[in-house]
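A short reminder: the numbers here are calculations on the coordinates, not readings from a lab. Bear in mind that the values here come from a model prediction, so they are computed numbers and not experimental data. Neighbour counts run over all protein chains shown; Cβ positions are idealised from the backbone, glycine included.
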Amino acid sequence: MSAPSDWSDEIGRRVESMVALRRDFHRHPELSFQEKRTAEIIAERLHGAGLEVRAGIAGTGVVGVLRGERPGKTIAWRADIDALPLTEILDAPFSSGTPGVMHACGHDGHTAIAITLAEIMSARRAEVPGTAVFIFQPAEELLGGAKPMIEAGVLDNPRVDEIYGLHLTTQDRAGSVNVRRGPTMASGDGFTVEVTGKGGHGAYPHLSVDPMTAAAHILIGMQSLVTKEVAAKETVVLSVGQIQAGTKNNIIPDKAVMRGTLRTFDFDVREQMLGRLQSFVADMARAYRAEARLDLTMGCPPVVNPDREAGLVHRCAVEELGEAAVKEGPPVMASDDMSLFLRARPGCYFRVGIAPAHGRAAPHHAPEFEMNEDGLPIGLRVALGVMRSRLAPQPG
Ligand SMILES: [Zn+2]
Ligand SMILES: [Zn+2]
């Protein structure tokens, strides 16, 4: 194996082009499953680097395979590529050129890092053991891209042993890396409750069946489910964000609809709550002579990093950046369908800081979101360290 400094030079040489690539993606953001231009550039760059490229997977997904010249394992790196329906506030030369669409989660950076990672490893192919698989997934923001990519066989052909990836975050300062063992991001599922009653005059509620009263009790009751049926040590958030019913103050409508989200860090708690909500909603409605139905929009399970692989990434990050730059922060309630890849294979999803050195950072998914690009080479450095160390043949 060559000295680490050789590979540092590879990173140093490419920082400028990686930042330029990120800015190009930022200037031309594309919504989930519409990442056509982005996918074309990814495929073009991977082709140029001499990888085997498959495009059009799950619509706009791209996979690049790099076969090293020594025996080793098959390790995947996953990046997500989509943008969000937001109008950017910041005025930079590379600000979004598409009104109403913006890279406000950092996926432009994820894509630029992954392409550069593939290019470096390809340039040093003679020293690369095993097979590196670069997975560019569409539609993370809909929690909808990972599943069809997995179903299309991106983990099977070639057979991937482990999978890794990173998410940039404005919650940590640039220069730092956050690797967590166990649950690191929450599950995210949506639900719709439709309560059906019988409409009538507001003066004579006894002649109608008021779906809104039933809906109100269901809403409060669902909060009790969280506190009374889930062990207190578990984290569960159940929020209703939408209620729709009625047309006028003195008309009892015949229907009320609520939409909400359920999040937790535990696979079993997720199953328990999703299963229980169905019957609970129907039973509550019956108590008020109404009927209710719950439809789930299955999102994704929690992101859980196995201890072993998280430990390996932690060690790599410390080797690359030093102890002070690496921490194990608390889990976050946001969701990411990287969880589905990590259900299928061992691996680790870690966070890389992009907060400005001074002042307050804007949150993700906000129109004022801004990336401190100093975090990009940090992410690339750790990614390269992880891929190199995991690709080498492992005893046992
Ligand atoms: Zn996001
Ligand atoms: Zn994201």
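Among the listed pairs Lys147/Lys228; Lys36/Lys73; Lys198/Lys248, give every one whose C-alpha distance is greater than 26 Å. Before the final figure, lay out the partial values.
Working: Lys147/Lys228 33 Å; Lys36/Lys73 31 Å; Lys198/Lys248 15 Å.
The answer is Lys147/Lys228; Lys36/Lys73.
Please say if segment 1-92 is rounded, prolate or oblate, where rounded means a/c under 1.5 for a ≥ b ≥ c the square roots of the C-alpha gyration tensor eigenvalues, and otherwise the choice is prolate for a/b larger than b/c and oblate otherwise?
Details: a/c = 2.61, a/b = 1.40, b/c = 1.86.
Judged from the Cα gyration tensor, segment 1-92 comes out oblate (a/c at least 1.5, b/c at or above a/b).
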Hand me the GluC sites (Glu not before Pro) from segment 249-351 located in a DSSP loop with no more than 14 other Cβ atoms within 10 Å, in residue order please.
-> Glu328
Output the peptides 176-185, 25-34, 250-259 sorted from most to least packed, where packing is the average of other Cβ atoms within 10 Å over each peptide's residues.
-> 176-185, 25-34, 250-259
Binned at 20 Å starting from 0, the alpha-carbon pair-distance distribution of the chain in whole percents comes out as 26, 50, 20, 4, 0
Given springs between every Cα pair under 10 Å in a Gaussian network model of the chain, which of Ile11, Ile89, Ile120 has the largest fluctuation?
-> Ile89
Solvent-free Debye scattering, log10 I(q)/I(0), computed from the Cα coordinates of segment 291-391 at q = 0.10, 0.13, 0.14 Å⁻¹ = -0.38, -0.60, -0.69
For the chain, set up a Gaussian network in which alpha carbons nearer than 10 Å are linked by springs, and say which option among Val65, Val332, Val303 fluctuates the most.
-> Val332
Could you name the aspartates and glutamates whose alpha carbon sits less than 17 Å from that of Lys327, not counting residues in the same chain fewer than 8 places away?
-> Asp172, Asp307, Glu309, Glu319
